[in-house]
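Working notes, structure below.
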Amino acid sequence: MDNAFNCTQCGECCHNLNIPLSIGEAIDWLSAGHKLKILTEAIPWINDVAVTQEVLIRKKSMTFNGISGNLSIRVLMTLVGYFDGRCPNLDTNKNCTIYESRPLTCRIYPFEMNPMIPLNPANKLCPSEAWPESETLNKAKTIHPIIVMDTVTEKNIKKIYANSVADVASKKELCLHFGISTCSLSNNGYLFHFVDQQKLLSALEKLALNQTINISTDAPKTDWFIVTESENALSDLISVGGKALHARNLSLTEQEFMHLSR
Ligand code: SF4
Ligand code: SF4
């Protein structure tokens, strides 16, 4: 049985996207005049515990340490290229005009960046013809065939992870530079920050050259506010000494809270 994924080049995955980008990719994206926002997520964390599980090692290596009140957290910061409708790089024939230099995230779709998350065709935009056992999938999208991943995709997934690890220190500096001190609770919604795009490009270029960037006077000294829409999560966070804020009380001028379902 052929279980290879077979892209039909329908272009569906090139619409209405939030694309995670490395610092290098973000510089290219902004230089081309496209829009970029910053996603921050908090993972509550117990310090001084030896991290041995692969999933925790992975989380720790892609995040930086932070404090929210009395709560230790790891902060996952992601640079997100975004657009409504058609990607600015998609031409009218559904071809990517930057195909040779397109972001790694584009190269691996529909496979998952996190190898620990199984690929679920029901969550993907690809038409049924792209999947093995397509008839079965049409009738019952809950069936997950084992889909063979090609070696190029496998290498690209590893590169995304390596870039995430390499970019962590610079991402912490970026948060300090822009005075970003709020984050969503991981797996509980997304908090995006909108900053001046020229300043962001300039800061990214400096960081890529290992130059320092100044710290905003609004920068959090140590404390992060964790934003959630869940009343239960809010009271849980506060009960363990965290600084938490309901999403409805967020200042929405330069931030946007997005539900997990969007
Ligand atoms: S950069 Fe290219 S591959 Fe990526 S979403 Fe845009 S058109 Fe699609
Ligand atoms: S949605 Fe799937 S099948 Fe269509 S172009 Fe993207 S990867 Fe290929």
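Applying the criterion of being within 15 Å of ligand 2 (Cβ to nearest atom), of a type outside the set (Phe, Trp, Tyr) and surrounded by fewer than 15 Cβ atoms within 10 Å (Cβ to Cβ) to the residues of region 93-127, the residue that is nearest to GLU25 (Cα to Cα) is THR97. Contact map, region 239-252: first residue farther than 13 Å from GLY189 by Cα, second residue assigned to a loop (DSSP other than H, G, I, E, B), Cβ cut-off under 6 Å, separation 6 or more or different chains; pairs are GLY241/GLY69; GLY241/ASN70; GLY242/GLY69; LYS243/GLY69. Considering only residues that are outside any loop (DSSP other than H, G, I, E, B) and within 15 Å of ligand 1 (Cβ to nearest atom), look in region 28-50 and name the one that is farthest from the chain's Cα centre (by Cα). Selected residue: SER31.
Scanning region 129-160 for residues that are part of a helix (DSSP H, G or I) and at pLDDT below 55 yields a total of 6. Counting only residues that are among the small types (Gly, Ala, Ser) and over 27 Å from HIS34 (Cα atoms), region 58-105 holds 5 of them. Considering only residues in region 1-27 that are among the aliphatic types (A, V, I, L, M) and over 24 Å from MET149 (Cβ atoms), the one that is nearest to ligand 1 (Cβ to nearest atom) turns out to be ALA26. Filtering region 90-112 to residues that are touching a strand residue (DSSP E or B) at 6+ places or on another chain (Cβ under 7 Å) and among the aliphatic types (A, V, I, L, M) leaves only LEU90. Mind checking which residues of region 45-88 are within 16 Å of ligand 2 (Cβ to nearest atom) and surrounded by fewer than 20 Cβ atoms within 10 Å (Cβ to Cβ)? Hits for region 45-88 are PHE83, GLY85, ARG86. GLY66 passes every criterion in (1) assigned to a strand (DSSP E or B); (2) farther than 19 Å from LEU191 by Cα apart from (2). In region 114-130, of all residues being without any contact (Cβ under 8 Å) to a residue 24 or more places away in the chain and of a type in the set (Gly, Ala, Ser), the one that is farthest from ARG58 (Cα to Cα) corresponds to SER128.
Would you call GLY33 away from ligand 2 (no atom under 15 Å from the Cβ), loosely packed, with under 11 Cβ neighbours inside 10 Å and at pLDDT 95 or above? It would help to see each step written out before you state the result.
On the way: away from ligand 2 (no atom under 15 Å from the Cβ): yes; loosely packed, with under 11 Cβ neighbours inside 10 Å: yes; at pLDDT 95 or above: yes.
Yes, satisfied.
Kindly provide the set of residues from region 1-27 that are within 9 Å of ligand 2 (Cβ to nearest atom) and part of a helix (DSSP H, G or I), ordered by number. Listed by number, the residues that qualify are GLU12, CYS13, CYS14. Beta carbons closer than 6 Å, at least 6 apart along the sequence or on distinct chains, pair a first residue in region 197-216 that is crowded, with 16+ Cβ neighbours inside 10 Å with a second that is of a type in the set (Gly, Ala, Ser) and assigned to a helix (DSSP H, G or I) for LEU204/ALA26; LEU207/SER170; ILE213/ALA203.
The values are calculated or read from the model by the stated rules, or taken from the named source; none is laboratory data. Remember, it's a predicted structure, so these values are computed and weren't measured experimentally. Heads up, the Cβs are rebuilt from the backbone with ideal geometry, glycines too, and the neighbour counts pull from every protein chain shown.
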